[in-house]
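So the structure is just underneath, and the comments pick up after that.
The numbers here are math on the coordinates, done by the rules we state, and not lab data. All values reported here derive from a predicted model rather than from experimental measurement. Here Cβ is always computed from backbone atoms with ideal geometry, including for glycine, and neighbour counts include all displayed protein chains.
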Amino acid sequence: MALIFTKIQVFLVSNAAHVWSLLAAIGFTILAIYPIQAYLRRGWAIKKTDIFSSFSDDAKVLYLKVFQKIDFPKDRECAKAKARDQFETLYQRRYGRYKYWVPLVFFAVVTFVGMFLLSEAAMTGIAMAMGCKAVAFCKIPNGIPVVLIPGVAAAGISGAYIWIVADLITRNRRLDLEPADILNSTLRLAVSAALAVGVVQLVAPAVAMPIAFALGAFPLDTVRTMLRRVAQDKLGLTAQADSQSTDTVLSLDSIDHPIADRLLDANISTIAQLAYADPVQLSMRTGLGFDFVIDIVGQALAWIYLGDRLDDLRSAGLRGAMEIYFFLEQLADKGSEIAALSAALLKVAPSLPQDTTNPPVKRKMETAQFLNACDEIANDPYTKFLVAIWRDDDGDDKDAGEDEDEDIIPEYTKLLGPDSPAQPAPDPLDPAPPNPAPPNPTPPASGEG
């Protein structure tokens, strides 16, 4: 036993450089994979709860019908039971934790190798400080070989590691981590050394190290764009405009450039794509909150019918497809206390101007035109799905699958009158006009009037 202990001690002493490199690589690898492990342990469950709590059983039935084209039995309880099982199975198959394990293994291996090479480079620096020459394989005084990598490559690996770990920590905090993000981080770290060595050839030697370190701060797509532009300048090629644009979705309320970029990463670049996107898939791929996704999808559904007039209607409370649905529903419910206000809104909404530079007369819509657009929005199957999600489970909605092909609110069309389709609805807030005389009025009796 004493002999074995002595051999182990001698081994540790003689291989101290490698042992420290190995321990450092393990520590840096654990630090890098911790945000991923924390997300899988807690964040993934929070994300699932956020989505599942937004779906009633009826909403699950409608979601699977609209987006997955799954048929359900007529019996409501049987349809709900099938929807619960199908929704759980679909979610686990598409977004289950098992999808993270292979990317996580690749990431851990690449991170360990990169950090080991970086640690070995540090040991090389120590060896050189102790008098060793800068050769490909350097030996410290006790004769242990230590790998030497170029300083530019070490700077590239260091920069990539720092920015990757910072990005993973941020994604874990905002519950926005997909298997593709882990694979992108793996590729980013794997090519960081070669990329740094290649790019610094294009810059002055004095700034080579800072540039190599800073390259890790840019996603690969950004680096690719930068290199393409540099190549175009060097070769005298005509620069082409980027094909991807976020200008369209930026027209919607509450979408800024960072959110538009996240939508673009999910292959959503136009308002029409956003309107008919699967909200569950969009929430998982972008990391945006499910309720926020429902809101911007509702805006997109209204925008493809009304265009920039939706900006005019937002101040009147008609923000998107769901609000227009409820507006028509209240308009048709004569017994509702808010029906009068809805009718008054119908009178002024079609003529709301967009801004002071466009005269209102040029922006005005006929009442029939406005109602027809609202009718198309409200009866769009995707709007019905959004409304089914937004309402509480104990609401008095129809049974799943009942009267799907019928218009939801046909009664409001009576406000237009049979002979004047463009006639605006009367303002119920005005004093009631006198009853019109009948076609053949009866003369008053003697002594009356």
Problem set entry | Rounded to whole Hz, the Karplus (6.51, -1.76, 1.60) HN-Hα couplings of the range 382-389, x for glycine and proline | 6, 5, 4, 5, 4, 5, 4, 6
For this session: Please find the FRET efficiency linking T270 to I46, where r is the Cβ-Cβ separation and R0 is fixed at 25 Å, and quote it to the nearest 0.05.
Result: 0.25
For this session: Can you tell me the order of 64-73, 177-186, 295-304 when each peptide is scored by its average per-residue count of other Cβ atoms within 10 angstrom, highest first?
Result: 295-304, 177-186, 64-73
For this session: Give the calculated FRET efficiency between I70 and A194 to the nearest 0.05, with a Förster radius of 56 Å applied to their Cβ-Cβ distance.
Result: 0.75
For this session: Determine ³J(HN,Hα), in whole Hz, for all residues of the range 302-312 in sequence, where each value follows from phi through the Karplus function 6.51 cos²θ - 1.76 cosθ + 1.60 and θ = phi - 60°; x replaces Gly and Pro.
Result: 6, 5, 5, 9, 9, x, 6, 5, 4, 5, 5
Problem set entry | Net length gained if the chain between I30 and F292 were fully extended (0.36 nm per residue, minus Cα distance) | 91.0 nm
Exercise. Karplus couplings for the range 168-176 from phi (6.51 cos²θ - 1.76 cosθ + 1.60, θ = phi - 60°), rounded to Hz, Gly and Pro as x?
Worked result: 5, 4, 5, 5, 5, 5, 9, 6, 9
For this session: Subtract the Cα-Cα distance of Q369 and D278 from 0.36 nm times their separation in residues, and report this length gain in nm to one decimal.
Result: 29.8 nm
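When a/c reaches 1.5 or more, the comparison of a/b and b/c decides; with that in mind, is the range 261-347 rounded, prolate or oblate per its Cα gyration tensor?
Prolate shape, in that a/c is at least 1.5 and a/b is the bigger ratio.
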Exercise. Which residues in the range 165-193 have a backbone N closer than 16 Å to a point placed 7 Å from the Cα of F106 along the Cα-to-Cβ line?
Worked result: 178-192
Exercise. Could you give the nm distance between label points at L187 and D333, where each point is 7 Å from its Cα heading toward the beta carbon?
Worked result: 5.1 nm
Exercise. Among the listed pairs K60/K80; K48/K74; K69/K384, which are separated by more than 18 Å between their Cα atoms?
Worked result: K48/K74
For this session: Mind checking the full-extension length gain between L23 and V207? Use 0.36 nm per residue of separation minus the Cα-Cα distance, one decimal, nm.
Result: 63.1 nm
